[in-house]
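Here is the structure we will look at.
The values are calculated or read from the model by the stated rules, or taken from the named source; none is laboratory data. These numbers come from a predicted model, not from an experiment. No Cβ is skipped: glycine too gets one built from the backbone with ideal geometry, and neighbour counts run over all protein chains shown. The protein model used for the area step is the full one, side chains on, heavy atoms only, and it has no ligands, DNA or RNA in it. Shrake-Rupley method; radii C 1.70, N 1.55, O 1.52, S 1.80 Å.
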Amino acid sequence: MTKEISLRSVNVSRYILPLREGGSLPALAEADDGFKYVLKFRGAGHGTKMLISELLGGKIASSLGLNIPELVFAYLDEDFGRTEGDEEIQDLLKGSKGLNLGLHYLSGAMAYDPKVEIDPLLASIIVWFDAFTTNIDRTHNNSNLLWWHQELWIIDNGASFYFHHSWKDFDTNALNPFPYVKDHILLSQASKLDEADEFAHKILTDDLLREIVNLIPDDWVEWEHTNESPDEVRDVYYNLLTKRLSNSAIFLNVAKDARG
């Protein structure tokens, strides 16, 4: 069963502390709905393309029934962060006014221990999902998996869709065999990749993928290096996803071969 596609919108009311893992300087913050969120900022190194990766990856994962913290559009006021003492953080906040992305904070969650065995189909769906979205960052060095309420949760899909950093060769990138799957932290447990592929094809319809892609806000795709309209940029993502799905055997076979 697919989950709700639309996102709530919140206003960020309090910056709590930076989360200095990685290079994008996410932060723990509180919003006007009273909940805490891990904020991903448009003013960080990869800009709104990282937010797009989080948005598309998160909604595809959720549609596949994977546990992922709720995503929200998080608005930063122009005055937000002016009293921040750290100059680097203040610059980040100033450069992030407007619409950012938040992930509900999983208080008390613990890092995934790769020694713990999980359901083979669940492992296979996660491996399939990461190969589909070309997520290079779910490895033994950085699992981006958490245990919360005795369930496995996915976080951090910002390293997905890395094709968009060059923004060219879309047809070639749609057929990317994704050799990086050999480093996936769950590959050794993913013994049901064929079943995962069959399941994903039933869930990820063209209409669903279009609905997910249409969530991308206009001002996240107004880039200096392209003259394409927001709708044309969204079409690139949609066409890549549908073509990649119809050719999933390419990356599926690479994953199966990597299991050896």
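Considering each residue of the range 126-138 in turn, none proves to be surrounded by fewer than 22 Cβ atoms within 10 Å (Cβ to Cβ) and assigned to a strand (DSSP E or B). Scan the range 161-177 residue by residue and report those that are at pLDDT 95 or above and either in a strand (DSSP E or B) or not hydrophobic (A, V, I, L, M, F, W, C) (or both). Within the range 161-177, N176, P177 qualify. Checked against the criterion of being open to solvent by less than 40 Å² (accessible area, probe 1.4 Å) and touching a Lys or Arg at 6+ places or on another chain (Cβ under 7 Å), the range 102-115 contains not a single residue that satisfies it.
Number of residues in the range 195-240 that are more than 22 Å from S166 (Cα to Cα), free of Cβ contacts under 8 Å to residues at least 24 places away in the same chain and in a loop (DSSP other than H, G, I, E, B): the value is 1.
For the range 204-249, the set of residues classified as among the aliphatic types (A, V, I, L, M) and surrounded by fewer than 15 Cβ atoms within 10 Å (Cβ to Cβ) consists of A249 only. Entry remark, the range 139-160: residues being within 13 Å of the chain's Cα centre (by Cα) and either assigned to a strand (DSSP E or B) or over 20 Å from I60 (Cβ atoms) (or both) number 3 in total.
Tell me, please, whether a residue that is among the polar types (S, T, N, Q) and free of Cβ contacts under 8 Å to residues at least 24 places away in the same chain can be found in the range 147-163. Yes; the residues of the range 147-163 include at least one that is among the polar types (S, T, N, Q) and free of Cβ contacts under 8 Å to residues at least 24 places away in the same chain.
Listed conditions (1) of a type outside the set (V, I, T); (2) over 20 Å from A159 (Cβ atoms); (3) touching a Lys or Arg at 6+ places or on another chain (Cβ under 9 Å) are all met by G260, apart from (3).
Name the one entry in L152, L146 that is at pLDDT 95 or above and open to solvent by less than 20 Å² (accessible area, probe 1.4 Å).
Just one listed residue meets the conditions, L152.
The range 1-98 holds strands (runs of 3 or more DSSP E) entirely within its bounds, and those carrying 3 or more residues that are at pLDDT 95 or above and open to solvent by 20 Å² or more (accessible area, probe 1.4 Å) map to 8-18. Filtering W148, W167 for residues that are among the aromatic types (F, W, Y) and at positive phi leaves a single hit, W167.
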